[in-house]
Amino acid sequence: MSSLTEKDRPIVQLLLNAGTCPRCILRFCRVGSQTLYRRPYKDLMEDLKEFLKKSQEKEDTVCFDVVDPPCKRIRLERAEGPDDLNHNGALQQIPSVNDENTAMENSAVKVCNVCLGILQEFCEVDFVKKVCQKVISADYQFTSFVFSVSLPPQLSVRERAAWLLVKQEMGKLGLSLAKDDIVQLKEAYKWIIHPQLSEELGVPPVKVSLFEVSVVFAHPETDEECHFLATACPDCFKPAKNKQSVFTRMAVIKALEKIKEEDFLKHFPCPPSSPKNLCVALEIQCNNGAVFVAGRYNKYSRNLPQTPWIIDGERKLESSVEELISEHLMAEFKADSFNFSSSGREDVDVRTLGNGRPFAIELVNPRRIHFTAEEMKGLQQTINNSSDKIQVRDLQLVTREAIGRMKEGEEEKTKTYSALIWTDKAIQKEDIAFLDDIKELKLDQKTPLRVLHRRPLAVRCRIIHTMKSEYIDEHHFRLHLKTQAGTYIKEFVHGDFGRTKPNIGSLLNRTADILELDVESVDVDWPPTL
């Protein structure tokens, strides 16, 4: 519906008298033309006054023409009619705004009793520029944006009161008005704001974008207007750890759906009273969705944990694989924080060789998001030049969904290891040769003592697919193993006081221990080789 008709006249009159702004009046009259809401506040007010002046004997419909200027007759009527009266002389003086159309400087312009100024002050050029200055100063890379608005929960209460008022008036005319018929405040606000933001920022508003611009509004003057709902519908307002107040917008909406109309009207004025003050924009925030970088890393140090090693608040080693990689990514992507994940992990004293271990890093709220293949290659080289403890390869941007393939491979794929083993009793080459013939050896591994503080106690069945021994001397040999992912290799060698069965010690019938362990391959086919 892109016009006001005769049946809207009593609604326009009623809401104007109540202190409702022109754009909210359009919402309650179910006007769905976006261009009408974008018209200057002053023009909309004048259009409504003109609409009310027309006698019912004249044209049944007055369209808000957004292209052609008003005719001379209307201009003359405006010039010659200083008293803003409706057709029956009952309407009070209608407020107007100043020539700059910038806001509430004119005391005659009241703050809307429904939107609390959202569709007044905060649709103006000055506020749009304020938002855009915040965006530009934050220095984000983006090619589109999503605009989100957080409204005070009491707006829902005021909207309900206004709806009941209009519904009652329409009922007198034999007409109905469902809550869903009203144009939503957020929707109308975005109709007005989107084109202005798009013009200032030079990119289009879309429904789905990595980049979000959000505004949080509050209205302290009316904060307590929701509180009566807690008495009427106490089950709707339950404390939550991450919420400062129980009066969230969703809780208020839920309570409004439950409360009876007669009970609502006992506690809240209808129409809602006009506030003294406008809403305030508490926060203007920018946020880029996370970017994901993946690759493979080699670890050459036997004194480097995968992640920071901190016990009881005390750091044990100065660095980690995670930090050596992420510090360069954080700097280049200008991110707030990061989350590191990998296909399994190695102990601090275990090297990762071969093609390396797949990893992914989530970069949270990055300012820079666009990197060419050459730039990613240069970033990889920067990481590799910064330390002799690690190297990365196949560094690339990936999607969140792609990381799932890495995690799927953790338990399903195989891993290859090389272990340097010591025995207490002397061995000859023929004493260990039989290990080469063992295939698909099933193990029962009770949670190792060394990880029992962070892993639940359980017995896990694991498989050693193949072994190949390499004799060194009477007390040392190297064992190459291909195993199911998740197998505890150290415990398979020394037995962990009988918690892993069978083990190398029990197979050789002597005490065995592991001196060195290397991961030679992690057989997860991800990320793609570059």
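Candidates are the residues of segment 491-515 that are open to solvent by 30 Å² or more (accessible area, probe 1.4 Å) and part of a helix (DSSP H, G or I); the one that is farthest from residue 427 (Cα to Cα) is 494. Taking the criterion of being among the acidic types (Asp, Glu), at pLDDT 95 or above and open to solvent by 50 Å² or more (accessible area, probe 1.4 Å), no residue of segment 289-322 qualifies.
Of all residues in segment 43-55, none satisfies being open to solvent by 90 Å² or more (accessible area, probe 1.4 Å), over 26 Å from residue 180 (Cα atoms), outside the structural domain of residue 195 (by the TED database) and at pLDDT below 50.
The condition of being closer than 26 Å to residue 301 by Cα and in contact with a Leu (Cβ under 6 Å, 6 or more places away or on another chain) holds for only one of 395, 420, that being 420.
Apart from one condition, residue 201 fits all of (1) more than 23 Å from the chain's Cα centre (by Cα); (2) closer than 24 Å to residue 365 by Cα; the exception is (1). Among the residues of segment 333-374, those that are open to solvent by 10 Å² or more (accessible area, probe 1.4 Å), touching a helix residue (DSSP H, G or I) at 6+ places or on another chain (Cβ under 6 Å) and under 20 Å from residue 386 (Cβ atoms) comprise 338, 340, 368. Just to check your reading of the model, which residue among 164, 177 is modelled with pLDDT under 95, out of contact with any Ser or Thr (no Cβ under 8 Å at 6 or more places or on another chain) and either in a strand (DSSP E or B) or buried (at least 16 other Cβ atoms within 10 Å of the Cβ) (or both)? Answer to the check: 177. If you go through segment 436-472 and keep only what is part of a helix (DSSP H, G or I) and under 46 Å from the mean Cα position of the chain (by Cα), you end up with 449, 450, 451. Taken as a whole, the condition of being open to solvent by less than 60 Å² (accessible area, probe 1.4 Å), modelled with pLDDT under 95 and more than 17 Å from residue 522 (Cα to Cα) applies to residue 451.
Here are 135, 149, 125: which of them is open to solvent by 10 Å² or more (accessible area, probe 1.4 Å) and in contact with a strand residue (DSSP E or B) (Cβ under 6 Å, 6 or more places away or on another chain)? Can you show your working first?
Values: 135 fails: open to solvent by 10 Å² or more (accessible area, probe 1.4 Å); 125 fails: in contact with a strand residue (DSSP E or B) (Cβ under 6 Å, 6 or more places away or on another chain).
Exactly one of 135, 149, 125 is open to solvent by 10 Å² or more (accessible area, probe 1.4 Å) and in contact with a strand residue (DSSP E or B) (Cβ under 6 Å, 6 or more places away or on another chain), namely 149.
Filtered by the rule that a residue be within 21 Å of residue 428 (Cα to Cα), among the hydrophobic types (A, V, I, L, M, F, W, C) and open to solvent by less than 40 Å² (accessible area, probe 1.4 Å), segment 458-490 gives 467, 477, 479, 481. The single condition among (1) among the small types (Gly, Ala, Ser); (2) part of a loop (DSSP other than H, G, I, E, B); (3) farther than 23 Å from residue 496 by Cα that residue 433 does not satisfy is (2).
Please count how many residues of segment 470-502 are touching a helix residue (DSSP H, G or I) at 6+ places or on another chain (Cβ under 7 Å) and without any contact (Cβ under 8 Å) to a residue 40 or more places away in the chain. Within segment 470-502, residues that are touching a helix residue (DSSP H, G or I) at 6+ places or on another chain (Cβ under 7 Å) and without any contact (Cβ under 8 Å) to a residue 40 or more places away in the chain number 2. Listed by first and then second residue, the pairs linking a residue in segment 198-214 that is in contact (Cβ under 8 Å) with a residue 12 or more places away in the chain to a residue that is of a type in the set (D, E, K, R) and surrounded by fewer than 16 Cβ atoms within 10 Å (Cβ to Cβ), with Cβ atoms under 8 Å apart and 6 or more places separating them unless they lie on different chains, are 200/129; 214/283.
The values are calculated or read from the model by the stated rules, or taken from the named source; none is laboratory data. What you are looking at is a predicted structure, and each value in this text was computed from that prediction instead of being measured. Virtual Cβ from ideal backbone geometry, glycine too; neighbours counted across all protein chains shown. We work out accessible area using only protein heavy atoms, side chains counted, and drop any ligands, DNA or RNA first. Shrake-Rupley method; radii C 1.70, N 1.55, O 1.52, S 1.80 Å.
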